[in-house]
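The values are calculated or read from the model by the stated rules, or taken from the named source; none is laboratory data. Please read all numbers here as calculations on a predicted model, not as lab measurements. Every residue, glycine among them, receives a Cβ derived from its backbone with ideal geometry; neighbour counts consider all protein chains shown.
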């Protein structure tokens, strides 16, 4: 029974930590223990650790901690890349060691020994492509081509110079403070890849996330089929019904079967829980970035558009209110007119409803075109390369 309770506690704690980390700042959790856990994970734990280091080691320890923080969080480094390789290597090794002895099985063929290796190898290949590919770095050699390819819209992007790189900033570019370079169509700096995600490697990044989600689902299904095969091969259901007299119904058999699986195959079930949690995180992340790609918007631009639209609405609402106030003051100075019908007043549109709708995203040119922009970045096309060679 100890193993079962350990698995249950492990699942509940994992779920609580994941929900607190990802959703703890939501208004619905304000004032709850989930918000406090989120604060502790994202800030409190490190703050208490810093105080402890200062108490034990003094200012030298604090300076050393800040140096480590600067290297790990504010500069490119391969630490998280190594952690990724460790996680995927350890997970595959655990599955191979604990489950490959049951392949081939009743429901799973021997070919899955090799397809699983190829699936993991493809995931690592996509990881390397994303990590070491050019994200679309803007420099003095290509800035003129990018300026002509991505003109300023004078809405959220206007002509300006990067204060760090000392070159003009093309529209839809952003300076990465970690890599210390300007990147076109930059979504974010990904610590897992130790690289920026921009115009030229977003396609690899999306493929990486989708492929690892599919690997997780593949692992869960394969392990479930292995466990189902063991139930069939060892005739567990038959033994429970024929020798122990258990009623042949799902309600009676399910708890006993689960208990047997937890006792006999706890490693496989722990791996399945881990893969399920990771697959949910990847599915959410992939959905968010898919929405951005389908609207031809970067993470940075989505914030800029929201700020722009909010400002535009406030300006238009203020103008409409001023016009309404001016009209009401004008009516007071005029002769008294017959009272307007209540029904006519009720159905008359508000001045605020007559405001023009500001276009949300001028870069959204349709579903197919947006996908093409991600799959075939503009700077990799023949027209851009020819233009670059002429100017060079």
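Computed quantities for the displayed model
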item	result
Filter pass, residue 3 being under 23 Å from residue 280 (Cα atoms), part of a helix (DSSP H, G or I) and modelled with pLDDT under 85	no
Matching residues in region 18-52 - criterion: being surrounded by fewer than 15 Cβ atoms within 10 Å (Cβ to Cβ), under 22 Å from residue 274 (Cα atoms) and at pLDDT 80 or above	41, 42
Residues of region 173-222 classified as assigned to a strand (DSSP E or B), touching a helix residue (DSSP H, G or I) at 6+ places or on another chain (Cβ under 8 Å) and either free of Cβ contacts under 8 Å to residues at least 40 places away in the same chain or crowded, with 20+ Cβ neighbours inside 10 Å (or both), total	5
Given (1) in the same structural domain as residue 234 (by TED's automatic domain parsing); (2) surrounded by fewer than 16 Cβ atoms within 10 Å (Cβ to Cβ); (3) in contact with a helix residue (DSSP H, G or I) (Cβ under 8 Å, 6 or more places away or on another chain), number of the condition residue 128 does not satisfy	(3)
Residue 152 vs. criteria in a helix (DSSP H, G or I), within 24 Å of residue 300 (Cβ to Cβ) and either in contact with a strand residue (DSSP E or B) (Cβ under 7 Å, 6 or more places away or on another chain) or not assigned by TED's automatic domain parsing to the domain that holds residue 232 (or both)	no
Conditions (1) free of Cβ contacts under 8 Å to residues at least 60 places away in the same chain; (2) more than 20 Å from the chain's Cα centre (by Cα); (3) not in a loop (DSSP other than H, G, I, E, B); number of the one not met by residue 144	(1)
Some residue of region 51-58 being touching a helix residue (DSSP H, G or I) at 6+ places or on another chain (Cβ under 6 Å) and over 22 Å from residue 15 (Cβ atoms)	yes
Of the criteria (1) at positive phi; (2) modelled with pLDDT under 85, which one residue 303 fails	(1)
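Conditions (1) under 32 Å from the mean Cα position of the chain (by Cα); (2) in a loop (DSSP other than H, G, I, E, B), marked per residue:
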| site | (1), (2) |
| --- | --- |
| 60 | no, no |
| 68 | yes, no |
| 77 | yes, yes |
| 83 | yes, no |
| 87 | yes, no |
| 94 | yes, no |
| 98 | yes, no |
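Matching residues to (1) under 25 Å from residue 212 (Cβ atoms); (2) buried (at least 16 other Cβ atoms within 10 Å of the Cβ); (3) in the same structural domain as residue 18 (by TED's automatic domain parsing):
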| site | (1), (2), (3) |
| --- | --- |
| 237 | no, no, no |
| 240 | no, yes, no |
| 243 | no, no, no |
| 246 | no, no, no |
| 256 | no, no, no |
| 260 | no, yes, no |
| 266 | yes, no, no |
| 271 | yes, yes, no |
| 275 | yes, yes, no |
